[in-house]
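A.B. asks: Once you've had a glance at the structure underneath, I'll fire off some questions.
The values are calculated or read from the model by the stated rules, or taken from the named source; none is laboratory data. Owing to the predicted nature of the structure, the values given are computational and were not obtained by experimental measurement. No Cβ is skipped: glycine too gets one built from the backbone with ideal geometry, and neighbour counts run over all protein chains shown. The area values use the complete protein model at the heavy-atom level, side chains included, leaving out ligands, DNA and RNA. Shrake-Rupley method; radii C 1.70, N 1.55, O 1.52, S 1.80 Å.
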Amino acid sequence: MPNRVQWNPGYSTGNDLLDSQHQAILAQCNVLADCIANAGPQSDHDFRTNFDALMAQAGEHFATEAALLTQCAYPMLEEHQNERDEFDYLANDIITAENFESVELQRFLTLWWVGHIAGSCKKHRPFLEKLPKA
């Protein structure tokens, strides 16, 4: 069974843009779960299309996050870049549709993103709160 996740207000980074990106990424993880649950002739194509959309969202998110963390003088930018590099490596080279079933990919992505949001991003909040509100 795929993993589903709902946004928890405790996940908030204190930055509306990052929070909306995180919410969209979690929603996309749930769309992947829907593709698996609604198995049919189109489901593999739908899964791949939505997987590619999630990967595009991830790239955009990491770029936004890095820019904001740089702007607020986040002292662990290298750690953030390492996390991004790890995700890119895992998602592009290891945990791929060629190596794993769709349900395994979906579970990995959901768990990874919850870990990123609930873990790493908690460290960002005190720095992001210093930025002017948009």
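A.B. asks: Sort through ASP34, ASP52 and tell me the only one that's within 18 Å of TRP112 (Cβ to Cβ) and either acidic (Asp, Glu) or at pLDDT below 90 (or both).
C.D. replies: ASP52 is the lone residue from the list that is within 18 Å of TRP112 (Cβ to Cβ) and either acidic (Asp, Glu) or at pLDDT below 90 (or both).
A.B. asks: When you scan the range 79-97, how many residues do you find that are over 21 Å from VAL31 (Cβ atoms) and at pLDDT below 80?
C.D. replies: 1
A.B. asks: Still on this structure, please answer the following. Need the failing condition index for ALA33 against (1) open to solvent by 20 Å² or more (accessible area, probe 1.4 Å); (2) in contact with a Lys or Arg (Cβ under 7 Å, 6 or more places away or on another chain), just the number.
C.D. replies: Going through (1) open to solvent by 20 Å² or more (accessible area, probe 1.4 Å); (2) in contact with a Lys or Arg (Cβ under 7 Å, 6 or more places away or on another chain) one by one, ALA33 breaks only (1).
A.B. asks: Applying the selection to the range 105-134, what residues are in contact with a Cys (Cβ under 7 Å, 6 or more places away or on another chain), in a helix (DSSP H, G or I) and either more than 19 Å from GLN28 (Cβ to Cβ) or among the aromatic types (Phe, Trp, Tyr) (or both)?
C.D. replies: TRP113, PHE127, LEU128
A.B. asks: Right, THR110: within 11 Å of the chain's Cα centre (by Cα), surrounded by 13 or more Cβ atoms within 10 Å (Cβ to Cβ) and β-branched (Val, Ile, Thr) or not?
C.D. replies: yes
A.B. asks: Looking at the range 36-72, which of its residues are closer than 29 Å to LEU131 by Cα, in contact with a helix residue (DSSP H, G or I) (Cβ under 7 Å, 6 or more places away or on another chain) and open to solvent by 50 Å² or more (accessible area, probe 1.4 Å)?
C.D. replies: GLN57, THR70
A.B. asks: For the condition farther than 17 Å from LEU128 by Cβ and among the acidic types (Asp, Glu), what is the one hit in ASP19, ASP88?
C.D. replies: ASP88
A.B. asks: Which residues, counting only those in the range 48-65, are within 12 Å of GLN28 (Cβ to Cβ) and among the small types (Gly, Ala, Ser)?
C.D. replies: ALA53, ALA56, ALA58
A.B. asks: Checking CYS121 against (1) free of Cβ contacts under 8 Å to residues at least 60 places away in the same chain; (2) within 13 Å of the chain's Cα centre (by Cα); (3) farther than 17 Å from ASN3 by Cβ; (4) open to solvent by less than 60 Å² (accessible area, probe 1.4 Å), which test does it fail?
C.D. replies: If we test CYS121 against (1) free of Cβ contacts under 8 Å to residues at least 60 places away in the same chain; (2) within 13 Å of the chain's Cα centre (by Cα); (3) farther than 17 Å from ASN3 by Cβ; (4) open to solvent by less than 60 Å² (accessible area, probe 1.4 Å), just (1) comes out false.
A.B. asks: When the range 73-114 is examined, which residues are found to be within 15 Å of HIS61 (Cα to Cα) and among the basic types (Lys, Arg)?
C.D. replies: Of everything in the range 73-114, just one residue is within 15 Å of HIS61 (Cα to Cα) and among the basic types (Lys, Arg), namely ARG84.
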